[in-house]
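Some notes on the structure that comes next.
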Amino acid sequence: MMPELGKYAFAVLSSYAASFALLAAVVALSWWQGARVRRALREVEDRQGKSDG
Amino acid sequence: MSIWEYANPKKFMQTSAMVLPAIAGLAVVSLVAGLIWGFFFTPDDFRQGSTVKIIYLHVPSAMMAINAWVMMLVTSLIWLVRRHHVSVLAAKAAAPVGLTFTLIALITGALWGQPMWGTWWAWDPRLTSFLILTLFYFGYMALWAAVEDPDTAADLTSVLCLVGSVFALLSRYAVNFWNQGLHQGASLSLDKEENVADVFWVPLLVCIAGFVLAFVALVLIRTRTEIRLRRLMALLARERMA
């Protein structure tokens, strides 16, 4: 199933690995920051008895 | 209905919550389909060999690195002219995503360049302007982090974004302006003669669609976070004053 990459295997596989790593990092960071802020906002809104709908 | 309705944070949150699952789902499907198609089911190029498979990452990420800055330019201008907070928060949200695409383009370009050009890097007009654009991304994010007052930060980063736009445009058109350097012209063109062969072109279009949708989904997620953060800061400030 794996295509024959020949002498360029390092270049091709490294490109895919680096790209996936960077994409995964920005997705994870965005998700984590979103969850952290949502949780903090909910705590403050609960304390003050407000909601953003 | 006017587009300016989305300058209302509540309206933006409601609409983005509705469209986000569909955009994120389409992004995952088109990215997975395009990359699997390109990696496993396309032949080697007669000159580039298997390194042609890097095109499915390099071209979409380079396109989106430049387009992300253009989107930031438009939203920054809206902030400077109309003072809509959601607009400048979208620009702030887009910067780390644009930077990620810029780094992907630089890394994949270097990995492709080494076997094809015999060098990881060349001070070619397009590469150099792209590197400067990368530095502008870092500078833009650093400026947001460095200035405490959010409206002052928005003003300063918007002006920085205007200046950086010169390098975004140069990254796109440097090959045409100077007609020199190692980097070739556009891989995609409305002129079919200039395009890459169809066997590479169709999966490349699917990958480009995937990168565009991934960018939109990530910017929506991050803008929603920025709006919530603004509200959190306002509530905490009110609490401190009470």
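List of remarks:
- Taking the range B:76-85 as the range and being assigned to a helix (DSSP H, G or I) and either aromatic (Phe, Trp, Tyr) or surrounded by fewer than 23 Cβ atoms within 10 Å (Cβ to Cβ) (or both) as the test, the residues that pass are B:77, B:78, B:79, B:80, B:81, B:82, B:85.
- Here the range A:1-15 is the region considered, the condition is being more than 7 Å from chain B (Cβ to nearest Cβ) and in a helix (DSSP H, G or I), and the residue that is surrounded by the fewest Cβ atoms within 10 Å (Cβ to Cβ) is A:7.
- Total residues in the range A:16-32, condition surrounded by fewer than 17 Cβ atoms within 10 Å (Cβ to Cβ) and within 19 Å of residue B:224 (Cβ to Cβ): 4
- Between B:105, B:24, B:93, B:17, the distinction of being within 11 Å of chain A (Cβ to nearest Cβ) and in contact with a Lys or Arg (Cβ under 6 Å, 6 or more places away or on another chain) belongs to B:93 only.
- Check on residue B:105, touching a His at 6+ places or on another chain (Cβ under 7 Å) and surrounded by 20 or more Cβ atoms within 10 Å (Cβ to Cβ): yes
Readers should treat all values here as calculations from the given coordinates under stated rules, not as data from a laboratory. Bear in mind that the values here come from a model prediction, so they are computed numbers and not experimental data. A quick note on method: Cβ atoms are made from the backbone with ideal geometry, for glycine too, and the neighbour counts reach across all protein chains shown.
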